[in-house]
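The values are calculated or read from the model by the stated rules, or taken from the named source; none is laboratory data. Keep in mind that this is a model prediction, so the values were computed, not measured. Note that we place each Cβ from the backbone using ideal geometry, even for glycine, and neighbour counts take in every protein chain shown. Accessible surface is based on the protein model in full, side chains and every heavy atom, while ligands, DNA and RNA are left aside. Shrake-Rupley method; radii C 1.70, N 1.55, O 1.52, S 1.80 Å.
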Amino acid sequence: MHPLRWEYRPDGLRAPALVCAFKGWNDAADAASTALTFVAGTLEARRFATIDPEEFCDFQAQRPQVKLVDGETREIVWPAVELFEARVPRAPRDLILLVGTEPSMRWRTFTGVIVELAEALGTQLVVTLGALLADVPHTRPVSVTGLASDPLLISRLGLSRSSYEGPTGIVGVLHAACQREGLPSASLWAAVPHYVAASPNPKASLALVRKLEGLVGVAVDASELEEAAAEYERRVNVAVQSDPEVQAFVERLEQVTGEDGVEDTGPLPSGETIARDLQRFLRQRGGDQPS
């Protein structure tokens, strides 16, 4: 049985871009998955398909959930990868949105399913959203890096070619699959302060949404996310200012990165020390953690 389960087939999509976000390794502080879910909600996207997790998930690592229906019937909710269509009449293109947990196995088969779907729907561009932990302060603008492997796409969109070498996640494997099939693809990565990585970061999500808007030419009303980002920064400020040692670490990071968030030359503070000390601080003052 094919793992792609159609609920209906969306027809007439205009020059669609497929935008993907995967929870897990590629999604520090839930920034990428939150950004995509927000876009889907704002554009009133409709789910049209899912990818069956049976072949791709380790259910001991990604356990299904049990929920009660009407207080009586027990229902199993399995980990899922969901696909939505977003029709945006005033924009130059429509969107296909994919969100789900990074699969545990058979990545080549999994990405093959996604590329097959993209080609079937006439996708012109694949974009992935990701977030990584970095030595950056929460008080600075979020740095978003745009990467692509296609030289024409790099030139047209003002992105850069990735020179990263090392372990990769499903995002890297998906881009390799797109490249093999000649499907243009780009990747957006937000840098998330590692010392508050345990909390969802709407500020990073907002930065990804804004960068995505420029990349695909689709605007969204992000006022709700802007309010959440401002509240997030306020609450983290309160938590940091309550501990002089942690505040000193953050101030050192601010000095290193400068006013515009671009890292200057010079030694970085010890990331391990910052994370350890702030984690201890937040454990002691659980009520001050940003939600």
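Where the accessible area of the chain is counted over protein heavy atoms with a 1.4 Å probe, how much of it, in %, is carbon and sulfur?
Roughly 49 percent, rounded to a whole number.
Give me the lysines in straight-line cross-link reach of Lys203: C-alpha distance below 16 Å, same-chain residues under 8 apart excluded.
Lys211
Name the residue, out of Leu188, Leu43, Leu68, whose mean-square fluctuation peaks in a Gaussian network model built on the chain with Cα pairs under 10 Å.
Answer for the Gaussian network model of the chain: Leu68.
Summing -39500 (n - 2.57) over the DSSP H runs of n ≥ 4 in the chain and dividing by its residue number, what mean residue ellipticity at 222 nm do you reach, to the nearest 500 deg cm²/dmol?
The per-residue figure over the chain is -11500 deg cm²/dmol.
Before anything else, pin down the relative contact order of the range 1-109: Cα pairs under 8 Å, at least 6 apart, normalised by residue count, whole percent.
It rounds to 37 percent for the range 1-109.
Would you mind getting the accessible area per residue of the chain, heavy atoms of the protein chains only, 1.4 Å probe, in Å²?
The answer is 50 Å² per residue.
With the contact rule set at Cα under 8 Å and sequence spacing of 6 or more, what percent relative contact order holds for the range 126-224?
Taking the mean separation of contacting Cα pairs over the length of the range 126-224, I get 41 percent.
Which residue, Glu233, Glu75, Glu254, has the most motion in a Gaussian network model of the chain that connects Cα atoms within less than 10 Å?
Sorting by GNM fluctuation, first place goes to Glu75.
By what distance, in whole Å, do the Cα atoms of the range 132-239 stretch along each of the three principal axes, largest value first?
Sorted largest first, the three principal extents are 48, 33, 20 Å.
Mind checking Rg over Rh on the chain, alpha carbons, Kirkwood formula for Rh?
Reported Rg/Rh, Kirkwood definition of Rh: 0.98.
The range 1-101: percent of C-alpha pairs farther apart than 22 Å?
Considering the range 1-101, 40 percent of its Cα-Cα pairs are separated by more than 22 Å.
Out of all Cα-Cα pairs in the range 25-181, roughly what percent, to the nearest whole number, are more than 21 Å apart?
The proportion of pairs with Cα distances above 21 Å equals 56 percent.
If you average the sequence gap of Cα pairs under 8 Å that are 6 or more apart and divide by the length of the chain, what percent do you get for the contact order?
The normalised contact order for the chain reaches 21 percent.
Using the alpha-carbon atoms, what tilt in degrees (0 to 90, nearest 10) does helix 271-284 show relative to the longest principal axis of the chain?
80
Under a plain spin-label model, where a point goes 7 Å from the Cα along Cα-to-Cβ, how far apart in nm are Ser160 and Thr73?
5.3
Would the range 181-221 count as rounded, prolate or oblate if I go by the C-alpha gyration tensor, calling it rounded below 1.5 in a/c and otherwise prolate when a/b exceeds b/c, oblate otherwise?
Judged from the Cα gyration tensor, the range 181-221 comes out oblate (a/c at least 1.5, b/c at or above a/b).
Relative to the first principal axis of the alpha-carbon coordinates of the chain, what is the inclination of helix 244-257, with its axis defined by its Cα atoms, in degrees from 0 to 90 and to the nearest 10?
The two axes meet at around 60 degrees.
Can you compute the modelled spin-label distance between Glu245 and Arg87, with each label point 7 Å from Cα toward Cβ, in nm?
5.9
For labels at Trp25 and Thr145 in the simple 7 Å Cα→Cβ model, what's the distance in nm?
The answer from the label model is 1.6 nm.
In degrees between 0 and 90, to the nearest 10, how far off the longest principal axis of the chain does helix 107-120 point, with axes built from Cα atoms?
60
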